[in-house]
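Here is the structure we will look at.
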Amino acid sequence: MKYISILGASGSIGTQTLDVIRAHPDEFRLAAASVGKNIEAARRLIAEFSPSLVAVADRDAYEVLSREYRGRTAIVYGEEGLIEAAVCPQADVVVTAVVGSVGLVPTLKAIEAGKAIALANKETLVVAGHLVMAAAKRRGVPLLPVDSEHSAIFQCLQGEKIEQVDKLILTASGGSFRDKTRRELAHVTVEEALRHPNWSMGAKITIDSATMMNKGFEVIEAHWLFGLPYERIEVVLHRESIIHSLVAFRDTSVLAQLGEPDMRVPIQYALAYPKRLPLPSAKPLDLISLGALHFAPVDFDRYRCLRLAYEAGKRGGSLPTVLNAANEEAVAAFLAGRIPFLAIEEWIERALERHRPVSDPQLEDIREIDADARAYVRSLLS
């Protein structure tokens, strides 16, 4: 039996993680969870899974729930509450499914507490990959990737040596606007951007997919998770999202992991590793009905956010922190209807050009740089 803590249990990855726990009651038990401000999600979760601890975002939600569940489930709140969920003594595995850089400190605390990390929060490695990987190595803690692309690479590398790898190939659907020209992108709406052709994800990640910043973050993640330079991490467009990623070896052999788009598969693989459990609710891959798979090169002029991510990753230091902070603020402004779609990439680029890089930022440096980049992007609104 593995006890699971989910940071972000009311989001897309979090709710699908609950599906996996629900499907395997003899394998997994929910020990703790965070739900943001979603009081109803907290109530449903407590009623079904009886976790020992639930974290909420603010004091108002805390006061409501603590009155209702006094003596049954511990209710905590704020950043400290998120950390309590991350270091819950019962938990064996912590699923980091919160969105944004808010996941960094709880992930580091969970690592220091010796928890295995099922990593679904891209920003943690983007913002502070050097700190996270060093902490995991020091504590001997496994980082099990939940993103479908990194899970695919992780699966392809089982029994293989990273020294024999020539390159990693991440696949990308192209997002909501893969068939639009840049001229057409100037007038797209929030509603159009949120219609992803293959995956069901939260709003912020769906917008990141449309700009391809999501893939840029995944490139930076792959660099940290697998230790390869950016020159050996490639992105190809693959419309069907059936091949989730590939590993090319020195002898020209290429291994790929395939499957219908379903995030429960990589989530379950991370939770059950090294076992493979049945997942009856998932749709099996039918190659005959699929018929064909399509691939195309990435145009870095068309997807400027991906180019910016590669550039920030290669230069390293504090630039990925600025990349993430500027992106979070710009995407929030777009979702609020305050800026056009193409302004997202423009604002990120301006923030990166303005920043004076720090070569080896520590946690306090990262917090200050993050806050400064956010303040700058917000200033552009006025």
In the chain, what percentage of the DSSP-assigned beta bridges are antiparallel, given to the nearest 5? 30 percent
Given the chain reduced to its alpha-carbon atoms as identical point scatterers, what log10 I(q)/I(0) does the Debye formula return at q = 0.07 Å⁻¹? -0.30
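What ranking, highest mean first, results for peptides 115-121, 263-269, 153-159 when packing means the other Cβ atoms within 10 Å averaged over each residue?
Working: 115-121: 26.6, 263-269: 23.6, 153-159: 17.1.
So the peptides 115-121, 263-269, 153-159, ranked by packing, come out 115-121, 263-269, 153-159.
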Mean separation of Cα contacts under 8 Å (6+ apart) over length of the range 120-211, as relative contact order %: 22 percent
Residue-count net charge about Arg356 - beta-carbon cut-off 13 Å; Lys, Arg +1, Asp, Glu -1: -2
Where does the chain land at 222 nm, in deg cm²/dmol rounded to the nearest 500, when only DSSP H runs of n ≥ 4 count, each adding -39500 (n - 2.57), divided by all residues? -14000 deg cm²/dmol
Per residue accessible area in Å² of the chain, where ligands, DNA and RNA are left out and the probe is 1.4 Å: 43 Å²
Reachable lysines from Lys115, Cα under 23 Å, same-chain residues fewer than 8 places away excluded? Lys2, Lys137, Lys275
Dividing the mean separation of Cα pairs under 8 Å (6+ apart) by the residue count of the chain yields a relative contact order in percent of 14 percent
Among 168-177, 219-228, how do they line up by average Cβ neighbours within 10 Å per residue, starting with the highest? 168-177, 219-228
Taking the Cα centroid of the range 1-54 and of the range 349-375, what is the distance between the two, rounded to the nearest whole Å? 34 Å
Normalised by the residues of the range 315-381, what does the relative contact order come to in percent, with Cα pairs under 8 Å and at least six apart? 51 percent
Carbon and sulfur together cover what percent of the accessible area of the chain at a 1.4 Å probe radius? 50 percent
For the range 241-265 and the range 114-181, distance of Cα centres in Å: 13 Å
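The values are calculated or read from the model by the stated rules, or taken from the named source; none is laboratory data. What you see is a predicted model, and the numbers here were worked out from it, not measured in a lab. Heads up, the Cβs are rebuilt from the backbone with ideal geometry, glycines too, and the neighbour counts pull from every protein chain shown. Heavy atoms of the whole protein, side chains included, go into the accessibility calculation; ligands, DNA and RNA do not. Shrake-Rupley method; radii C 1.70, N 1.55, O 1.52, S 1.80 Å.
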